[in-house]
Amino acid sequence: MALSWARRHILSLADFQPAEYDAVLQTAASFQEVLSRRTKKVPALQGQVVANLFFEPSTRTRSSFELAAKRLSADTLNFAPSTSSLTKGETILDTAKTYLAMGTDIMVIRHREAGVPLAIAQEMDRLESRVGVFNAGDGQHEHPSQALLDLFTICLLLDPEKPRLSLLQGKKIAIVGDVLHSRVARSNIWSLTASGAEVHLAAPPTLLPKPFAEFVTADAQNLDRQLFLHWSLNPALEAADFVMTLRLQKERMMQHLLPSLREYHQQFGITHQRLKRCRPEVKVLHPGPVNRGVEISSELMDDPQFSLISQQVTSGVAVRMALLYLMGSGKV
Ligand code: NCD
């Protein structure tokens with residue numbers, strides 16, 4: 001199958017087409033194979049420069065992008081805002097231009113404000129550079145690589161030989177927790193609804209306001225997206241194939257969106273007991289970092305029969321290799 005790829009930047013999954021998801025899944029599967037070899041490195045991006053510009057803290061996403069770039073033999077630059085010239089008043093666009101002047105090919109950007117990766121991508125295009133910009137999480141907007149690694153983890157489980165989007169057709173996936181503030185949820189909603197899965201969101205009304213779904217129904221593409229909202233847990237869990245839990249962002253307590261963490265756990269926390277409503281072969285995902293005992297019980301998180309959490313982290317490297325490769329080798 002010929003790979004369908006014509007993107008220079010990856011900023012959002014809103015307009016991703018099924019063939020693009022399949023290109024990512026297929027490429028990630030071949031890199032997964034590379035990662036199982038004794039020599040886990042390929043020369044695909046030799047001589048190219050990947051700059052990780054993380055303006056917000058991150059453990060797994062930053063390390064995973066760095067390792068992915070290194071496995072592709074790219075040279076990597078890591079930027080730490082607290083020790084950078086940002087502290088001397090340099091603007092973010094000027095920081096990006098500095099990295100451009102050093103010959104960077106791909107910029108991986110994380111920022112607490114939505115839209116920063118887009119602004120940098122627009123500036124790079126205006127300057128007629130061929131730099132590709134990757135959104136590694138912007139505010140509450142999107143986190144495409146997380147959703148793509150979640151998709152890969154699920155598809156790999158359903159068919160380890162040939163992970164592909166259509167495997168999710170008719171599956172029921174529950175996304176539970178702080179949906180409102182979650183860029184992970186937004187990107188996953190785009191990818192999972194594009195696959196033909198039924199996506200069920202469950203959260204207290206303060207974390208899932210009714211108009212939340214409007215951004216999906218306003219979608220101009222002709223994909224038949226199935227998204228359902230619930231303000232209690234059971235209808236979302238009923239016969240679910242996958243349950244995706246989200247970090248309860250503790251800072252939300254300060255905004256009085258929740259009475260207490262204990263009460264939240266009682267109503268929406270995922271436990272072995274609660275999973276009995278799901279299909280017997282149900283699996284649980286979490287993007288990390290986890291608040292043990294809040295959104296998911298500690299025992300369930302560590303139970304390999306149900307938890308895909310460490311597979312998600314492992315898949316992350318192969319998926320990010322695929323994404324950097326597709327962006328870097330095509331030079332659209
Ligand atoms: C998430 C993020 O930073 O958006 N984590 C991640 O990248 N794996 C989720 C979160 O912070 O809750």
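In the stretch 133-166, what count of residues is obtained for those that are out of contact with any strand residue (DSSP E or B) (no Cβ under 8 Å at 6 or more places or on another chain), of a type in the set (A, V, I, L, M) and surrounded by fewer than 20 Cβ atoms within 10 Å (Cβ to Cβ)?
Looking only at that region, the number is 1.
Only one of A174, A185 is within 11 Å of the ligand (Cβ to nearest atom) and either assigned to a strand (DSSP E or B) or crowded, with 23+ Cβ neighbours inside 10 Å (or both); which?
A185
Could you figure out which of (1) away from the ligand (no atom under 16 Å from the Cβ); (2) buried (at least 17 other Cβ atoms within 10 Å of the Cβ) isn't true of K40?
With respect to (1) away from the ligand (no atom under 16 Å from the Cβ); (2) buried (at least 17 other Cβ atoms within 10 Å of the Cβ), K40 is out only on (2).
Could you tell me whether H200 is out of contact with any strand residue (DSSP E or B) (no Cβ under 9 Å at 6 or more places or on another chain), surrounded by fewer than 24 Cβ atoms within 10 Å (Cβ to Cβ), closer than 23 Å to G288 by Cα and assigned by TED's automatic domain parsing to the domain that holds L257?
no
Out of all the residues in the stretch 58-79, which are away from the ligand (no atom under 16 Å from the Cβ) and part of a helix (DSSP H, G or I)?
Listed by number, the residues that qualify are A69, K70, R71.
Mind listing whichever residues of the stretch 278-297 are surrounded by fewer than 18 Cβ atoms within 10 Å (Cβ to Cβ) and over 23 Å from L207 (Cα atoms)?
Across the stretch 278-297, the qualifying residues are R279, P280, E281.
In the stretch 104-138, which residue that is in a loop (DSSP other than H, G, I, E, B) and more than 18 Å from the chain's Cα centre (by Cα) is farthest from the ligand (Cβ to nearest atom)?
E128
Which ranges mark the helices (runs of 4 or more DSSP H) fully within the stretch 205-299 that have 2 or more residues being away from the ligand (no atom under 16 Å from the Cβ) and modelled with pLDDT under 95?
Fully inside the stretch 205-299 and qualifying: 214-217, 261-268.
Which numbered condition trips up L165, out of (1) under 22 Å from L45 (Cβ atoms); (2) of a type in the set (A, V, I, L, M, F, W, C); (3) more than 15 Å from the chain's Cα centre (by Cα)?
(1)
Is there a residue being touching a residue at least 40 places away in the same chain (Cβ under 8 Å), more than 22 Å from L148 (Cα to Cα) and not in a loop (DSSP other than H, G, I, E, B) anywhere in the stretch 89-98?
yes
Could you please give the count of residues in the stretch 300-312 that are part of a loop (DSSP other than H, G, I, E, B) and more than 22 Å from V199 (Cα to Cα)?
4
The values are calculated or read from the model by the stated rules, or taken from the named source; none is laboratory data. Everything numeric in this text was worked out from a predicted model, so none of it was measured. Neighbour counts run over all protein chains shown; Cβ positions are idealised from the backbone, glycine included.
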